[in-house]
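To start, the structure under review is shown below, and the notes come after it.
None of the figures in this text is laboratory data; all of them are computed from the coordinates on show. Keep in mind it's a predicted model, so treat the numbers as computed, not measured. Methodologically, a virtual Cβ is constructed for each residue, glycine included, from the backbone with ideal geometry; neighbour enumeration extends over all protein chains shown.
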């Protein structure tokens, strides 16, 4: 192996010597003239850049600002720049004071540039200012088609001598580089012999450590090629299966994380293996507290210890309802079922927690609604039937008969009102009601809506405060539905405010929203009733509401109408002091 390495190194060394000889021959052919041509091109390019910049900017070279402009430039250190006007006066020189310099109009490079109206050829001569031989190139500066000056570039000729010296140093560096490169190349060649085996070992080691993306991408020959292909096929198959498993795991994690049902896995030792986000929120405990701890440590308040034992012993799912207080009541439906491994071995139990608080509340509301609507309809029907039977079965004075008929009429009218409100509410809830959105003046609408109710206010000696008629607050909404909201709120204020009280209607604008409120000095509402105030047939004072002719549906209708307009309604009340309904609506739709 060492002999092979020495042969390779010797061969590369011989190649290096031959290459150095070729480079020496090539560099020797570069003479002084070539360097002079390179420097002339360098000077011409620098002069062209400066003249083009002055011409493009339209600067006046006679202006004092031209000197400041030159001083701000990052000029090459090896080039001397001289700015000459059309009369030959030196305006700027980056190596000497212009006051010490004579007229340059007769300089050969300036005369050549003036004659050709373009960049002159190079001129080499002794510079009295610099006291050395220098190469000069001049470039005319134009303005409106006329030559207004010249930019002259120059460099000392000792740079050429330096360049020749640099060539010898370059040859030395190149020789050294080639020598080192030959040694490195020999080492690389030896390495290339063992590279295929090392690469195969590296890939198999990565696969061993579960890096299934590892592949042998190099092209080998002979038996190594077949071995590399087999390893790549094996790695690809492993990666495919692992990716499928990871995707399935990710999907399962995503499903569990987004489930509104709480899920808890408990292993056969009773330790919690996994909980999802919904379970931690329902239980009010973090996953760090629950996972890897025995379920009795954190789940005893669910009272499911017996259920878990029964599921484990009988291998049958169980369910029950559990009430938690955190501090509000939360009703959970707890389902416990066994779960198994791939070989159907029993691994523990799975617990599913469903929050059925809203469902239970809705069931209660439904029951209350059925009871309330039955009661509300039964009362007038019973009155109508009773008085009708009395009239039919007994002879009575005309005045009494008329009084009974009036009662029948009033009760049937009340029955009709209840049915009408129920139909309206049903229509609103099914979104069958189409809003006729238009621009309305809310202040005018309030005054118009309150006008038919003024007699009711007067009869109870109530003071009604309305917004100033001179104001104009525009709102995009359904005029009739907003009026319906106002009528219901004002009617409630009249009904529940004792004689001599006061009702106030206020309107204000607030960040692209319109807010109006109806406040009375009535009997108020208990805090325990505010949350249920907008339920159908719910009354704070049942007897009084019925005596006043209310159906118990007005505020439910108001709430749905406000929702249809994209607004909100809130209630603020203190018993025996005041009640204030506030409606917040978007100004535009």
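Extending 7 Å from Cα along the Cβ direction at residue 527 and again at residue 169 yields two label points whose distance is 9.1 nm. Modelled spin-label separation between residue 233 and residue 100, with each label point placed 7 Å from Cα along the Cα-to-Cβ direction: 8.6 nm.
Of the beta bridges in the stretch 434-586, as assigned by DSSP with both residues counted there, near 90 percent are antiparallel.
Report Rg/Rh for the stretch 259-351, rounded to two decimals, where Rg is the Cα radius of gyration and Rh the Kirkwood radius. My calculation of the ratio gives 0.95.
Once a ≥ b ≥ c are taken as the square roots of the eigenvalues of the Cα gyration tensor of the stretch 32-156, is the result rounded (a/c under 1.5), prolate (a/b larger than b/c) or oblate (a/b not larger than b/c)? Judged from the Cα gyration tensor, the stretch 32-156 comes out rounded (a/c under 1.5).
The calculated FRET efficiency for the pair residue 463 and residue 399, based on their C-beta separation and a Förster distance of 35 Å, comes to about 0.35. Pairwise Cα distances in the stretch 434-586 exceed 22 Å for 37 percent of all pairs.
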